[in-house]
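One structure below.
The values are calculated or read from the model by the stated rules, or taken from the named source; none is laboratory data. Just so you know, these numbers come straight off a predicted model, no measurement behind them. Cβ atoms come from the backbone with ideal geometry, glycine included; neighbour counts cover every protein chain shown.
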Amino acid sequence: MAEDEARRISDRTKAALAAYKARGGKLGTPANLTSDAARRGTEATRAKARTADAALLSEMKRWQEAGLSYRQIAGCLNGVGSTTRTGAAWNHNQVKRVLTRAGV
């Protein structure tokens, strides 16, 4: 029963979009598909990463200078309750990326 309703909704949606397109309507946002928009998006993502990394970078450098491995640094960050900017637990690859981005 639910599958039938889902199929009917899908069919109605497809028909409505096809009718809109037939009337000359534009689907999507073409302005977001330009190379300039992609470049700006990449820059914004990198800026967010740099901002998030800056808060922990000095601590990471200190631990690295003390001889800790990337995996051990990740363990320290997780131990103090720190998370990545997406809310996930730290792992060695993320620590390496942060330090590499910072030129360490």
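Could you tell me whether residue 73 is touching a helix residue (DSSP H, G or I) at 6+ places or on another chain (Cβ under 6 Å) and part of a helix (DSSP H, G or I)?
Yes, satisfied.
Which of the numbered conditions does residue 74 fail, given that it passes all the others? Conditions: (1) touching a His at 6+ places or on another chain (Cβ under 7 Å); (2) touching a residue at least 24 places away in the same chain (Cβ under 8 Å); (3) not polar (S, T, N, Q).
Among (1) touching a His at 6+ places or on another chain (Cβ under 7 Å); (2) touching a residue at least 24 places away in the same chain (Cβ under 8 Å); (3) not polar (S, T, N, Q), the lone unmet condition for residue 74 is (2).
Pull out all pairs, ordered by first then second residue, where Cβ-Cβ is under 9 Å, the residues are six or more apart or on different chains, the first lies in region 1-30 and is assigned to a helix (DSSP H, G or I), and the second is surrounded by 10 or more Cβ atoms within 10 Å (Cβ to Cβ).
none
Quick check: is even one residue across region 85-93 charged (D, E, K, R) and in a loop (DSSP other than H, G, I, E, B)?
Yes; the residues of region 85-93 include at least one that is charged (D, E, K, R) and in a loop (DSSP other than H, G, I, E, B).
Scanning for something in contact (Cβ under 8 Å) with a residue 12 or more places away in the chain and out of contact with any Ser or Thr (no Cβ under 9 Å at 6 or more places or on another chain), does region 35-48 turn up at least one residue? Quick ask: steps written out before the conclusion?
Initially, region 35-48 is screened for residues in contact (Cβ under 8 Å) with a residue 12 or more places away in the chain, giving 48.
With out of contact with any Ser or Thr (no Cβ under 9 Å at 6 or more places or on another chain) added as a condition, the list becomes 48.
Yes; the residues of region 35-48 include at least one that is in contact (Cβ under 8 Å) with a residue 12 or more places away in the chain and out of contact with any Ser or Thr (no Cβ under 9 Å at 6 or more places or on another chain).
For (1) at pLDDT 95 or above; (2) on the phi > 0 side of the Ramachandran plot, each residue gets a yes or a no:
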site: 22; (1), (2): no, no
site: 33; (1), (2): no, no
site: 51; (1), (2): no, no
site: 55; (1), (2): no, no
site: 71; (1), (2): yes, no
site: 86; (1), (2): no, no
site: 98; (1), (2): no, no
site: 103; (1), (2): no, yes
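If residue 80 passes every condition in (1) surrounded by 11 or more Cβ atoms within 10 Å (Cβ to Cβ); (2) over 17 Å from residue 103 (Cβ atoms) but one, which one does it miss?
Going through the list (1) surrounded by 11 or more Cβ atoms within 10 Å (Cβ to Cβ); (2) over 17 Å from residue 103 (Cβ atoms), residue 80 breaks only (1).
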